[in-house]
1. Within segment 156-170, track down each residue that is within 13 Å of D200 (Cβ to Cβ), open to solvent by less than 100 Å² (accessible area, probe 1.4 Å) and assigned to a loop (DSSP other than H, G, I, E, B).
2. On the basis of being at pLDDT 80 or above and of a type in the set (G, A, S), does A95 make the cut?
3. Please report, ordered by residue number, the helices (runs of 4 or more DSSP H) entirely within segment 1-75 with at least 3 residues that are surrounded by 14 or more Cβ atoms within 10 Å (Cβ to Cβ) and at pLDDT below 90.
4. Find all pairs meeting these conditions: Cβ atoms under 7 angstrom apart; at least six residues apart or on different chains; first residue within segment 219-247 and in contact (Cβ under 8 Å) with a residue 24 or more places away in the chain; second residue assigned to a loop (DSSP other than H, G, I, E, B) and surrounded by fewer than 16 Cβ atoms within 10 Å (Cβ to Cβ).
5. When you look at W250, is it at pLDDT 85 or above, part of a loop (DSSP other than H, G, I, E, B) and crowded, with 18+ Cβ neighbours inside 10 Å, yes or no?
6. Any idea how many residues of segment 253-297 are open to solvent by less than 30 Å² (accessible area, probe 1.4 Å), touching a Lys or Arg at 6+ places or on another chain (Cβ under 8 Å) and in a helix (DSSP H, G or I)?
7. Might you check whether a residue that is part of a loop (DSSP other than H, G, I, E, B), open to solvent by 70 Å² or more (accessible area, probe 1.4 Å) and under 22 Å from L180 (Cβ atoms) occurs anywhere in segment 216-231?
8. Could you tell me which residue of segment 171-188 is farthest from T233 (Cα to Cα), considering only residues that are assigned to a helix (DSSP H, G or I) and open to solvent by 40 Å² or more (accessible area, probe 1.4 Å)?
Amino acid sequence: GQPRPVPAAERAPFVARLCQEFHQGRGFRRGVERMLAAAFLEDVRYGPLRRANRTPRPLVLLDNAHTDAGRDILELLLDQRAATGTARDRMVVIATELHGDDTPEDPRGDGPDDEDAPYPEAARRSLPDIGTDSGWTRASAAPSAGVLFLPLPPLECEHLERMLRRDDHASFDPYIATALHDLTRGHPMGARRLCEAVVDRARTEEWVAAEELLDLVHPGGAGESVVWRLLDTLVGSENHDELCLFSLAWDREAAERLAERWVPRRIDGLPAADGAAALLERERWSRGPGSRPFITDRFLRALLVHQM
């Protein structure tokens, strides 16, 4: 049944004690975090959130699960789920995390097939296998056995062809879909934005050539470049100029030399090259220390080099 509401006068000293234990750190803090996670799940199941989130099942969406904070939260949720034992729990948690590009050399050690992966007991399925039934059941009592990995593959060239065929009156280079796929490597948002720009241009021009892709104007953007709009979404505008410069760097040393000469300011409190490297690695645009080139994601690097 639904838990009984606790009067505020009774809650206050208990909340104060929780705060004290949280700031003591170590095991005290973890205990408080577990209690807060349990309280959150109770709210989802029985509280106001449940009334707005009840059909067909209570649903929790968790973004950026690859970050330290995201993994902590997901670990707490998995621990709570495992602690219920065999009790039936209809709640669904969908968590998203970045794994960078599809380059096989991945020194980060967080790929799903790594021995040191954070969810060693997780089950894995491919997107076409899911259909209407994943066929998944918990294989063990381990918390990470509650995870079902579902990699989202990049778009294929045929998907881009369908995106381009939305207007029968548009005409463009027959190899435009292949060029788009080579450029974006199937990045969903990049492919969609560029396909929209191609179709918009083709409505007013007789021909759109493949070599014009990066010079297209964003539809409805008052003359704004589609590359600029993409970069603003992918990496933001705050460090835009510095990342354009660093896109020319072959490695970390080259980026540091460019920063010494051209970038006097700091990024996230660090020397410019170090701050940019931390930002790129955090967002999986780079594979970490020793990466060559400095920005390893080819799609982002192509956009930045063109803008530079």
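The values are calculated or read from the model by the stated rules, or taken from the named source; none is laboratory data. Worth saying up front: this structure is predicted, and the values here are computed from it rather than measured. Neighbour counts are summed over all protein chains in view; Cβ atoms, including those assigned to glycine, are modelled from backbone coordinates with ideal geometry. With ligands, DNA and RNA removed, areas are computed over all heavy atoms of the protein, side chains included. Shrake-Rupley method; radii C 1.70, N 1.55, O 1.52, S 1.80 Å.
1. Restricting attention to segment 156-170, the residues satisfying the condition of being within 13 Å of D200 (Cβ to Cβ) are 163-164, 166-167, 169-170.
Right, trim to open to solvent by less than 100 Å² (accessible area, probe 1.4 Å) and you get 163-164, 167, 170.
Of everything in segment 156-170, those that are within 13 Å of D200 (Cβ to Cβ), open to solvent by less than 100 Å² (accessible area, probe 1.4 Å) and assigned to a loop (DSSP other than H, G, I, E, B) turn out to be D167, A170.
2. yes
3. Numbers: elements: 8-24, 26-46, 48-52.
Output list reads 26-46.
4. These pairs meet every condition: R229/G221; C244/M308; L245/M308; S247/M308.
5. Working: at pLDDT 85 or above: yes; part of a loop (DSSP other than H, G, I, E, B): yes; crowded, with 18+ Cβ neighbours inside 10 Å: no.
No; evaluated as a whole, the condition is false for this residue.
6. 4
7. Kept after step one, since they are part of a loop (DSSP other than H, G, I, E, B), are these residues of segment 216-231: 216, 218-224.
If we keep only those that are open to solvent by 70 Å² or more (accessible area, probe 1.4 Å) as well, we get 220, 222.
Next, from what is left, pick out any that are under 22 Å from L180 (Cβ atoms): 220.
For segment 216-231, residues part of a loop (DSSP other than H, G, I, E, B), open to solvent by 70 Å² or more (accessible area, probe 1.4 Å) and under 22 Å from L180 (Cβ atoms): present.
8. First, the residues of segment 171-188 that are assigned to a helix (DSSP H, G or I): 176-184, 188.
Within this subset, residues satisfying the condition of being open to solvent by 40 Å² or more (accessible area, probe 1.4 Å) are 178, 181-182, 188.
On the way: T178: 24, H181: 19, D182: 20, P188: 13 Å.
Result: T178.
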